[in-house]
Amino acid sequence: MSKMKSEARLRSMIQNSSKHFLRNVSRIFKYGVIGFGRNIWLSITATIVTTLTLILLFATVVAGSVLTSTADAMREKIDITIFFKSGTEETALASMANTIKKDSNVKTVAYSTSEEEYEKLYNDYKEKDNQEMLATLEIVGRDLMIQKQPAAMRVKVYNTSDLASIKNIVNNDEEFQENLHKSEKYAPTYDTNSSAIQTISSWANIATKGGTALSILFLIISTLVIFNTIRMAIYSRSEEIYMEKLVGADSSFIRGPFLVEAMMSGIFAGIISSIAGLIIYNALGPKMKAYEISVDSVNAFLAEPRNIVLLFLMLIGTGMVITLISSRLAVQKYLKRF
């Protein structure tokens with residue numbers, strides 16, 4: 001008797017739903033929420049795996065941005081130092097600076113005489129409170145140190161990987177060759193820090209590729225988990241689905257709750273991963289900055305409240321897409337059996 005009543009109620013509900021779209025949608029969402037709670041442990045598992053996938057995606061993007069910014073920041077700080085014979089006149093340094101400025105790759109040029117280089121060295125030791133080196137400078141004597149101190153020119157360039165034209169000027173210009181310091185110890189620093197930049201750039205590529213590979217792996221795992229969650233939910237409600245089919249329920253009414261159930265996992269995963277990602281970044285950001293890792297671009301992005309909202313929306317949207325596709329595949333495959 002109770003079975004007949006439930007069938008009659010279900011038939012009436014389905015007939016009314018075809019006439020009232022909003023009522024139909026509300027019922028689909030209602031049954032989806034009920035289904036999520038009914039299979040709570042499976043739903044939690046699906047949410048956790050999807051959350052890990054989204055956190056990995058977040059970490060991949062942040063790591064790529066941070067390492068790329070660090071390499072760019074290092075390029076900005078790098079200058080090529082060209083050493084000249086001690087006592088090189090300031091007029092000669094100015095003339096050579098004007099020559100090298102004509103190169104299109106040169107951003108800025110600064111030069112200093114032997115005396116100015118000594119003053120920089122002395123002040124540097126003084127700021128660092130290096131008493132041993134200060135004592136050595138005092139013993140040797142200022143005048144003698146200036147006589148041995150090379151003059152220097154520091155050149156900042158736009159592209160650190162293309163220095164051929166600058167090398168050509170230094171190696172072939174008569175004035176440069178006449179005043180250039182001949183000691184190997186004071187050779188132009190073309191390659192200084194280039195290996196560090198290449199290392200950081202390779203780290204950026206590895207972080208991006210490795211993070212993408214891990215994200216794809218977790219994406220596959222989360223898809224399989226959600227797929228099997230929906231499959232088990234379908235089988236656990238086989239009698240209910242069969243009854244809905246008997247009373248004439250259309251396919252959208254039957255599959256709708258399963259899709260809602262999966263998307264709820266995606267929504268929760270997006271919210272949790274956004275919060276977890278921000279907490280982890282805020283904890284690691286200052287430590288990375290202390291090691292001179294550039295986090296300014298990420299900090300600037302997160303400083304805007306609307307960008308944080310955008311981050312939440314993007315991760316929630318990505319979570320919903322992942323779970324929706326997975327559940328759709330399961331629904332299409334297993335609902336055909338009823």
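The values are calculated or read from the model by the stated rules, or taken from the named source; none is laboratory data. Values in this document were obtained by computation on a predicted structure and should not be read as measured data. With ideal geometry, Cβ positions are generated from the backbone for all residues, glycine too; neighbour counts draw on all protein chains shown.
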| task | Only residues that are over 16 Å from PHE83 (Cα atoms) and either without any contact (Cβ under 8 Å) to a residue 24 or more places away in the chain or not hydrophobic (A, V, I, L, M, F, W, C) (or both): list them for region 100-114, please. | result | LYS101, LYS102, ASP103, SER104, ASN105, LYS107, THR108
| field | Count of region 169-191 residues which are more than 16 Å from GLU89 (Cα to Cα) and exposed (fewer than 11 other Cβ atoms within 10 Å of the Cβ) | value | 5
| message | For the condition within 19 Å of SER183 (Cα to Cα) and either in the same structural domain as MET288 (by TED's automatic domain parsing) or surrounded by 13 or more Cβ atoms within 10 Å (Cβ to Cβ) (or both), what is the one hit in THR70, THR113? | response | THR113
| request: Being over 21 Å from SER114 (Cβ atoms) and under 34 Å from the mean Cα position of the chain (by Cα) is the filter here, so list the residues in region 142-165 that pass it. | output: LYS156, VAL157, TYR158, ASN159, THR160, SER161, ASP162, LEU163, ALA164
| In this structure, does LEU302 turn out to be assigned by TED's automatic domain parsing to the domain that holds SER43 and free of Cβ contacts under 8 Å to residues at least 24 places away in the same chain? | no
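The rows are residues; the columns are (1) at pLDDT below 60; (2) within 19 Å of MET320 (Cα to Cα); (3) not assigned by TED's automatic domain parsing to the domain that holds PHE268.
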{"residue": "GLU7", "(1), (2), (3)": "yes, no, no"}
{"residue": "ARG11", "(1), (2), (3)": "yes, no, no"}
{"residue": "PHE21", "(1), (2), (3)": "no, no, no"}
{"residue": "VAL25", "(1), (2), (3)": "no, yes, no"}
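Let's see how each residue does on (1) modelled with pLDDT of 90 or more; (2) over 20 Å from THR60 (Cα atoms); (3) not in a helix (DSSP H, G or I):
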| residue | (1), (2), (3) |
| --- | --- |
| LEU259 | no, yes, no |
| ALA262 | no, yes, no |
| ILE267 | yes, yes, no |
| SER273 | yes, no, no |
| LYS287 | no, no, no |
| ASN307 | yes, no, no |
| THR318 | yes, no, no |
| ILE325 | no, yes, no |
| VAL331 | no, yes, no |
| query | Out of the residues in region 149-168 that are surrounded by fewer than 12 Cβ atoms within 10 Å (Cβ to Cβ) and at pLDDT 85 or above, which is farthest from LYS107 (Cα to Cα)? | reply | ASN168
| Failed condition for LEU137, given (1) surrounded by 15 or more Cβ atoms within 10 Å (Cβ to Cβ); (2) modelled with pLDDT of 85 or more | (2)
| message | Could you go through region 244-255 and let me know if any residue there is more than 30 Å from SER165 (Cα to Cα), among the hydroxyl-bearing types (Ser, Thr, Tyr) and modelled with pLDDT under 70. | response | yes
| So which of SER252, SER294 ends up being hydroxyl-bearing (Ser, Thr, Tyr) and in a helix (DSSP H, G or I)? | SER252
